[in-house]
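The values are calculated or read from the model by the stated rules, or taken from the named source; none is laboratory data. Everything numeric in this text was worked out from a predicted model, so none of it was measured. Positions of Cβ are generated from backbone atoms using ideal geometry, with glycine treated the same way; all protein chains shown enter the neighbour counts. For the accessible areas, the whole protein counts, side chains as well, though only heavy atoms, and no ligand, DNA or RNA atoms are used. Shrake-Rupley method; radii C 1.70, N 1.55, O 1.52, S 1.80 Å.
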Amino acid sequence: MSNSLDKDLRDRALQVVPGGMWGHMNAKNLPDGYPQFFARSQGTKLWDVDGNEYIDFMCSWGPMILGYHNAEVDEAALTQLRQGDIMNGPGEVMVRLAEVFVDTVPHADWVQFEKNGTDATTTAVTIARAGTGRRKILVAKGAYHGAVPWCSPSLVGVTAEDRAHVLTFDYNNVESLQRTVAEAGKDVAGIIASAFKHDYGVDQELPTPEFARAARAAADAADAALIIDDVRAGFRLNLGGSWEHLGVRPDLSAWSKAIANGYPLAAVTGANRFRAAAESLFSTGSFWCGAQPMAAAEATLNILRRGDAVAHMEKMGAMLREGLASLSKTYDIAVRQTGPVQMPMVLFNDDAAGRKGFAFCSATIKAGIYFHPLHNMFLSAAHTPDDITRALEAAEKGFLAVRALSSKAA
Ligand code: PMP
């Protein structure tokens, strides 16, 4: 495994990009052997700039729900690109996409397209405030909703005023949610919840039906908006929205990542109750009308609607989870696998410092499998049983590396 070009690019980037890379994609935060720069992608495969090949279990942090370069999506995107992408206004495709989106998501009476997940969550919160005339937004502790002052996990450059009307509760804790609603008094504009608890570096938790129902009831009692942040999970669990199976529908929801299979697009959807509020906002972006990503999204949604992508991702995810559980038993190294199988999180017991997770992933990346030690991973409709078999072969090397770690420590 060579990494000389990657190293060279990191050194050069350090001269011209603050820190060499922003945010969570700075590979200096990843285990030994992880590349930062990539050259090519196809299906479930990625190639880094040094030519090393990986089977990818991050799916570009979520967007690749049909695999890299899905032919039908790329064809629709290329056709639209040749006709026109950024113009003085949207193409016809915006209306077609909005129609199919609203038809797919039962709680959506309307949809507005944007670029990033942060655009969508921030707009949803702003619509909730505009529609209720109130200020407080209730957010689960530790949840990620984007990288702007009202919600960024870092307080660097954030003022107390930016957070003055953000209150926190514990996800899946009805009592904590109700206490926070009471604290906000008559000023509740909205309650925002992730599709499920998928916070960085901790076990994932699906929402309990009691929690989902309590969030709906609390929003109704306060005449406020229930907002689901479906940016990360959207279309992987349920095409109609991630709480659809719980029978709980939000007033507003935020989407991005998977909706256009990797082309840059986000969406805010809402019920009629918030249509006028959405209309009243001044909301825009230079690239929000781009027709190419919308054509990609239309093709992605059409493929998802006519196929069995969710069931396939569940099948592949279950195969991975069962295989890892069996290896964990064989090597007598305990792991916790949490969350939906198609968005797996794998954490090691007694690993507060993350040494086991890093040793495991360091071994798997060298064996050509791109896992993540601390973030939830993603399956796509393109993953095959052969990809999972190869991932499990690499995982065996990972467990051996963890075992070597403990014998070193002993
Ligand atoms: N919400 C959730 C749940 C996310 O996972 C993310 C991105 N990781 C965001 C919002 C922000 O999306 P973006 O990075 O596209 O702004």
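Brief remarks follow.
- Segment 250-320: relative contact order in percent, alpha carbon pairs under 8 Å with at least 6 residues between: 33 percent
- With contacts taken as Cα pairs under 8 Å at a separation of at least 6 residues, the chain carries a relative contact order of 22 percent.
- Translational diffusion of segment 71-306 was estimated from the Stokes-Einstein equation, with Rh taken as the Kirkwood radius over Cα pairs; at 10 °C and 1.306 mPa s the coefficient is 88 µm²/s.
- Euclidean distance between Cα centres, segment 201-233 to segment 309-357, Å: 25 Å
- Cα→Cβ-extended label distance, 7 Å offset, between Arg403 and Lys28, nm: 3.6 nm
- Size of charge dipole - segment 71-306 - debye, nearest 20, with Cβ of Lys, Arg +1 and Asp, Glu -1, no other charges: 320 debye
- Highest average first, the peptides 120-130, 216-226 ordered by how many other beta carbon atoms sit within 10 Å of their residues are 120-130, 216-226.
- On Cα atoms only, tilt of 71-83 relative to the major axis of the chain in degrees: 50 degrees
- Sites matching chymotrypsin sites (Phe, Trp or Tyr not before Pro) across segment 17-87 that sit in DSSP coil, with at most 11 neighbouring C-beta atoms within 10 Å: Trp22
- Taking chymotrypsin sites (Phe, Trp or Tyr not before Pro) across segment 157-260, the ones in a DSSP loop with at most 16 further Cβ atoms lying within 10 angstrom of their Cβ are Tyr200.
- Length-normalised contact order of segment 303-371 in % [C-alpha pairs under 8 Å, at least 6 apart]: 20 percent
- When the C-alpha to C-alpha distance is required to be over 25 Å, the pairs from Lys45/Lys329; Lys45/Lys408; Lys315/Lys356; Lys28/Lys397; Lys197/Lys356; Lys141/Lys315 that qualify are Lys45/Lys329; Lys45/Lys408; Lys315/Lys356; Lys141/Lys315.
- Whole-Å distance, taken between Cα centres, linking segment 100-164 and segment 41-84: 28 Å
- The portion of the accessible surface of segment 298-410 made up by carbon and sulfur, rounded to a whole percent, is 53 (1.4 Å probe; DNA, RNA and ligands excluded).
- Charge dipole (debye, nearest 20) of the chain; +1 at Cβ of Lys and Arg, -1 at Cβ of Asp and Glu: 620 debye
- Note on Ile86 and Arg40: the model spin-label points, each 7 Å out from Cα along the C-beta direction, lie 2.9 nm apart.
- Principal-axis tilt of helix 355-366 within the chain, Cα atoms, nearest 10 degrees: 70 degrees
- In the calculated pair-distance distribution of the chain, the portion above 31 angstrom amounts to 41 percent of the Cα-Cα pairs.
- Mean-square fluctuations from a GNM of the chain, with a 10 angstrom spring cutoff on Cα atoms, peak among Asp50, Asp203, Asp74 at Asp50.
- Residue with peak Gaussian network fluctuation, the chain [Cα springs, cutoff 10 Å], from Gly33, Gly240, Gly285: Gly285
- Under the combined filter of DSSP loop state and at most 16 neighbouring Cβ atoms within 10 Å, segment 1-93 retains these GluC sites (Glu not before Pro): Glu92.
- Only helices enter the 222 nm calculation for the chain: every DSSP H run of n ≥ 4 contributes -39,500 (n - 2.57), and dividing by all residues gives -12500 deg cm²/dmol, rounded to 500.
- The long axis of helix 174-184 is offset from the longest Cα principal axis of the chain by roughly 50 degrees.
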